[in-house]
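The values are calculated or read from the model by the stated rules, or taken from the named source; none is laboratory data. Because the structure is predicted, anything quoted here is derived from the model rather than measured. Positions of Cβ are backbone-derived with ideal geometry, glycine not excepted, and every protein chain shown enters the neighbour counts. To get the accessible areas, we keep the full protein, side chains included, count just its heavy atoms, and leave off ligands, DNA and RNA. Shrake-Rupley method; radii C 1.70, N 1.55, O 1.52, S 1.80 Å.
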Amino acid sequence: MDIISEKPIGARTVSGAARERTGPGGNEAAGKRAEPDLRPEEEPDERGGAGAGSPHAPVQAAGSAAEREAIRAASTESEAVRAAPTESEAIRETAAETAAEEAAADSAAGPAAEEAAAAAAADSAARAAGEDDAAGGEGASRAAGGEEAGSPPAAEANSGDPFATLDIADKKAVRRRILQMAGPSLVEMLLVNFVSMLNMIMVGRVGAEAVAAVGLTNQPYFLLLAVFMTLNVGTTALVARSIGKGDPGTANRAAGQAFLLNIALSIVIIFFSYRYAEEMLVMMGASAEVLTEGVSYARTMFLAIGFTAVSMSLSAILRGSGNTKAPMKINVLANILVVLIGFPLIYGMFGLPKLGVVGAGIASMASQFASMSGLLYVLFKGKSQVRLTGANILRLDVSLVKRILRIGLPAAGEQFAMRGGQIIFSKVVASLGTITFAANQIAFSVLGLTFMPGMAFSIVATTLVGQALGARKPELAEAFGWEIRKLGVIVAGSLGALFVVFAPYIMMPYTSDARIVSQGAIALRVVGLVQISQATQFILAGALRGAGDTRFPLYSTFVGVWGFRVLLSVMFVLWFGWGILGAWLAIAADQIIRSVIIVARYKSGKWKSIRV
């Protein structure tokens, strides 16, 4: 019989041969030897293994002394491993590795000897691991270099797979992976928003006009930032998918193209917004008192928009690669500057001029510049899985830019729909007077605290879903989304309960005006009741973006903001005269309808097949 095959004998081949000899009642699981030997046949020893040897075909095929010596050496090595079944696991693993290495070295003795040596090494590895027949076949197959039946093809075995050791059925392991990434993002969002709240508290003490100036500037400011969402969302999804595939080269090129385009867009938008700052405030309905300081504040913020946009882009790149710690550290430290610089500039302390709300704008600019500088250092110095290089930045890659824009344009449309609707909403509330608008703006500042858990978990959902799909694990991607949503809802629901119970006390640090406190408390209690819906639509929309499905978040935002928030605010405030309560009931309706649309889309599973 010719025993020289075209591929090495895998463990299942050897194990199967042994079962044929022993029958169903044999001691294969206990370790019966299946490798060829040269000595006369002996009875199995007391451990259930074969004796010194039994006649096999390799004896007839191995015609040379060198071949016979190689076979005997491999067989002896296998026997030595079985001789110590009670040794520690570490020693058995070392013995298995040694057997595999020496079996491979003996392959020079000839094809038949190579085959026998491979089989011996495979059997040794399986027995050293202490596995049963089925499991032994898997471990031995890997040791012998064979491909196990039922395992992923070699082409699909991705050495860069970030989830190679993650079992989808192990909920604790899945949750642990989520929290490892969500922890830094959540801390970052909460601390950054806390600093933003402190900044608003400092501005609030200046007066209602200062608060109104900040609120009216924020609407066109965030509308302009929506332009950059095209690049940031597309970049995050593309980087995450590339990392999941084990393709850092594409991730690096995407990062370079995003940085280049952000710089170009920043120059255009800074010029436009600075030039027309006053006109935008007038369009927002600013009064003469608000315009006095509001124009200078707006121009300061519009000058800073370039730093903000680039900082957001760099953070998106790092998060897409799974690095949430670096953005957390840098953005938290940078935002501390808002207080350290803003406090003396707003109130004129330590010999500095008293600049009021303009001082807050200068502090924000300094903070964003510091954040951008820190993130650039991390990406250019190669301190992350993705890095920026001059070649990737200066060389325009049209095909890659098209891929980024294809994903990001719907996200930008979503932001335009959101910000455009918010501008109309703000104009409706502004019609109620400066006191009510100040209460509304403070309530939005506090509401930002509830956005933070949703946004943090949304970032994680975008990254993990994108990476899992890149690794060709759609079921894991879906599991990530639902598990992240569960964790986010717990956090958001807890915050909502605090808002309902302690609303007036939350408003008090911002202002001593009882009218503002009273109206702001109404808004906070309404939004506290819809925190679960808000967190759900944030998180699952982030998961859809990670899959490249940016159209449905756009659809949900358009329907929720324009079909409910805008229309209902006009109806409740201007027609029914419900004041700030009517305005925030419209916000609540918006959050609920968006969550319904997003959940339905996520359940459909159609996002799993989208190409990016």
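For segment 346-391 versus segment 571-612, the spacing of their alpha-carbon centroids is 34 Å.
The portion of the accessible surface of segment 199-351 made up by carbon and sulfur, rounded to a whole percent, is 68 (1.4 Å probe; DNA, RNA and ligands excluded).
Taking Trp607, Trp562 and ordering them by how much accessible surface each has at a 1.4 Å probe, largest first, produces Trp562, Trp607. Here r is the Cβ-Cβ distance between Leu529 and Ile490 and R0 is 22 Å; the resulting FRET efficiency, rounded to 0.05, is 0.85.
Size of segment 343-415 from its Cα atoms: along the principal axes, largest to smallest, the extents are 53, 34, 20 Å.
If R0 is taken as 56 Å, the Cβ-Cβ distance between Lys603 and Thr292 corresponds to a FRET efficiency of 0.60. Of the trypsin sites (Lys or Arg not before Pro) found in segment 292-380, those that fall in a DSSP loop while having at most 14 other beta-carbon atoms within 10 Å are Lys354.
Gain on full extension, evaluated as 0.36 nm per residue between Leu405 and Arg176 minus their Cα-Cα distance, stands at 79.1 nm.
Straight-line reach from Lys402: taking Cα to Cα under 26 Å and skipping same-chain neighbours fewer than 8 places apart, the lysines in range are Lys245, Lys473, Lys606, Lys608. In whole Å, what is the distance between the alpha-carbon centres of segment 411-441 and segment 543-558? The distance from the Cα centre of segment 411-441 to that of segment 543-558 comes to 22 Å. Ordered from longest to shortest, the equivalent ellipsoid semi-axes for segment 434-501 are 33, 13, 6 Å, each the square root of 5 times a Cα gyration tensor eigenvalue.
For segment 544-586, the calculated P(r) over all alpha carbon pairs, in 5 Å bins from 0 to the bin holding the longest distance, is 6, 25, 20, 14, 11, 10, 8, 5, 1 percent.
By the Cα gyration tensor, segment 523-612 has an equivalent ellipsoid whose semi-axes, rounded to whole angstrom, run 29, 13, 8 from largest to smallest.
Rounded to the nearest 20, the Cβ-based charge dipole of segment 425-511 about its Cα centre (Lys and Arg +1, Asp and Glu -1) stands at 100 debye.
Only the Cβ atoms of Lys and Arg (+1) and of Asp and Glu (-1) were treated as charged; on that basis the dipole of segment 267-399 about its Cα centre amounts to roughly 740 debye. I need the fraction of alpha carbon pairs in segment 489-546 separated by more than 17 Å, rounded to a whole percent. Here the long-distance tail beyond 17 Å is 46 percent of all Cα pairs in segment 489-546.
Where does the Debye-calculated log10 I(q)/I(0) of segment 222-332 sit at q = 0.11, 0.19, 0.22 Å⁻¹, using only Cα point scatterers of equal weight, no solvent? For segment 222-332 at q = 0.11, 0.19, 0.22 Å⁻¹, log10 I(q)/I(0) is -0.44, -0.92, -1.09. Under the shape rule built on the C-alpha gyration tensor, where the axes satisfy a ≥ b ≥ c, segment 293-340 is oblate, since a/c reaches at least 1.5 while a/b does not exceed b/c.
The residue list Asn440, Phe451, Ser321 was ranked by how far each Cα lies along the charge dipole of segment 314-470 toward its positive end, using unit charges on Cβ atoms, and Ser321 comes out on top. Here the mean projected area of the convex hull built on the C-alpha positions of segment 345-487 is 14.1 nm². In the full protein context, segment 259-331 carries 41 Å² of accessible surface per residue, based on a 1.4 Å probe and ignoring ligands, DNA and RNA.
Take every pair of alpha-carbon atoms less than 8 Å apart whose residues are at least six positions apart; their mean separation over the length of segment 394-541 yields a relative contact order of 30 percent. With all protein chains in place and ligands, DNA and RNA left out, the 1.4 Å accessible area ranks Ile532, Ile442 as Ile532, Ile442, largest first.
Here the gap between Trp482 and Ile435, fully extended at 0.36 nm per residue and compared with their Cα-Cα distance, gives a gain of 12.8 nm.
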